[in-house]
1. Return the only residue of LYS169, LYS165, LYS138 being in the same structural domain as ARG217 (by TED's automatic domain parsing), touching a helix residue (DSSP H, G or I) at 6+ places or on another chain (Cβ under 6 Å) and among the charged types (D, E, K, R).
2. If you take the residues of the range 304-321 that are modelled with pLDDT of 90 or more and hydrophobic (A, V, I, L, M, F, W, C), which of them is nearest to LEU291 (Cα to Cα)?
3. Quick one: how many residues across the range 284-319 are surrounded by 11 or more Cβ atoms within 10 Å (Cβ to Cβ), of a type in the set (Val, Ile, Thr), assigned to a helix (DSSP H, G or I) and more than 22 Å from the chain's Cα centre (by Cα)?
4. Consider GLN105 carefully, then state whether it is in contact (Cβ under 8 Å) with a residue 60 or more places away in the chain and in a strand (DSSP E or B).
5. Specify the residue that is farthest from ARG287 (Cα to Cα); the eligible residues are those in the range 199-246 that are acidic (Asp, Glu), without any contact (Cβ under 8 Å) to a residue 24 or more places away in the chain and assigned by TED's automatic domain parsing to the domain that holds ILE61.
6. Taking the range 163-200, which residues are in a helix (DSSP H, G or I), touching a Ser or Thr at 6+ places or on another chain (Cβ under 6 Å) and more than 20 Å from GLN128 (Cα to Cα)?
Amino acid sequence: MFRLNTLTAALAAAVLAFAPASAQDKKVVNFGIISTEATQNLKQSWEPFLKVMSEKTGLDIKPFFASDYAGIIEAQRFKKVDIAWYGNKSGMEAVDRADGEVFAQTVAASGLQGYYSHLIVSADSPYQTLDDVLKCNKSLDFGIGDPNSTSGFLVPMTYVFAAKKIDPKACFKTVRGANHEANALAVANKQVQVAANNSENVERLKKTAPDAYAKIRIIWTSPLIPSDPIVWRRDLDADLKDKIYTFMMTYGRNGPAEDVAAARKILKDMTWSPFIPSSNGQLYPIRLMELAKEMLKVEGDEKIPAEEKKTRLTDLQGKIDAVNKASEELPRL
């Protein structure tokens, strides 16, 4: 996978001085933002970044919001979105269904190139461990994430439920889907007893809803998930891609000290530090999770005839082997 040291000296030294353009001449670029929390909170977080992006690139960068992750994926598919911030699962869907291409990756404010999925309960909950909430006596209400969310859906479904051969709908009294922020608030307000979330949103909650943050507690943490991909449409003009890529890779790194400090502040408010280069290869671990989850589902389905089950499992294993092979061929830089 590409990393920062793959940047050429020319890019590292690039000066973001694009020719000025009139408002009428500016190329409009729609930037999709997945619905991890309330749109108003996302606007406050993203607008300073997109404003600078517009100024430095000479493009008219417009935020594009939707009520769920699928709305951003479909908008990119139908060319209403040019570039988008996704989680890895939704990024994978954008690559597969919307002719998307990963070109950049977020990095946590700490410098960590990944984040974690969590299951959370209220701070005074009697439930202390994962086993405590998986009694599966249908007494608890569970908040799960958007079906296209990596940390809110795919990771807990893979590492918690599929691994233990548990169907959440058969385990809990109710299963409700919502974004990360809504799930955290539901736990804090005791509307559900347990919910999926992630380390980035929990960190943001300290700022956006400190009272709610004080009322939640983490009882399960996943393995590290690759940081979020930034995905553009593969068919964007090369000149447009160059402007976007140069801005993304130099933002918070190049320029006068005061500009770098201001950029770092904006990124920190988004819980990030400067972006790094990436590719579709960062999605391989997510593809493996999806395939492993599907294998567990097929293995546990007693309604599938033995021969059909064997064929399907062989096919899935072939896909896993192919992804593993492709992953091994990625440059180790």
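The values are calculated or read from the model by the stated rules, or taken from the named source; none is laboratory data. Predicted, not measured: the structure shown is a model, and the values here were computed from it. Positions of Cβ are backbone-derived with ideal geometry, glycine not excepted, and every protein chain shown enters the neighbour counts.
1. LYS165
2. Restricting to residues being modelled with pLDDT of 90 or more and hydrophobic (A, V, I, L, M, F, W, C), the top hit is LEU316.
3. Residues that pass the stated criteria total 2.
4. Yes; evaluated as a whole, the condition is true for this residue.
5. First, the residues of the range 199-246 that are acidic (Asp, Glu): 200, 203, 211, 228, 235, 237, 239, 242.
Applying the additional criterion that residues be without any contact (Cβ under 8 Å) to a residue 24 or more places away in the chain yields 211, 237, 239, 242.
This time we only want the ones that are assigned by TED's automatic domain parsing to the domain that holds ILE61, so: 237, 239, 242.
Numbers: ASP237: 28, ASP239: 31, ASP242: 28 Å.
The residue in question is ASP239.
6. HIS180, GLU200
Residue-wise test of (1) touching a Lys or Arg at 6+ places or on another chain (Cβ under 8 Å); (2) aromatic (Phe, Trp, Tyr); (3) modelled with pLDDT of 95 or more; (4) more than 17 Å from TYR251 (Cα to Cα).
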site: GLU47; (1), (2), (3), (4): no, no, yes, no
site: ALA70; (1), (2), (3), (4): no, no, yes, yes
site: GLY91; (1), (2), (3), (4): no, no, yes, yes
site: PHE103; (1), (2), (3), (4): yes, yes, yes, no
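Listed here are the residues, each with its yes/no results for (1) assigned to a helix (DSSP H, G or I); (2) under 23 Å from ASN198 (Cα atoms); (3) not small (Gly, Ala, Ser).
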| residue | (1), (2), (3) |
| --- | --- |
| THR36 | no, yes, yes |
| GLN44 | yes, yes, yes |
| GLU47 | yes, yes, yes |
| VAL52 | yes, no, yes |
| GLU55 | yes, no, yes |
| LYS62 | no, no, yes |
| ALA70 | yes, yes, no |
| ALA75 | yes, no, no |
| VAL81 | no, no, yes |
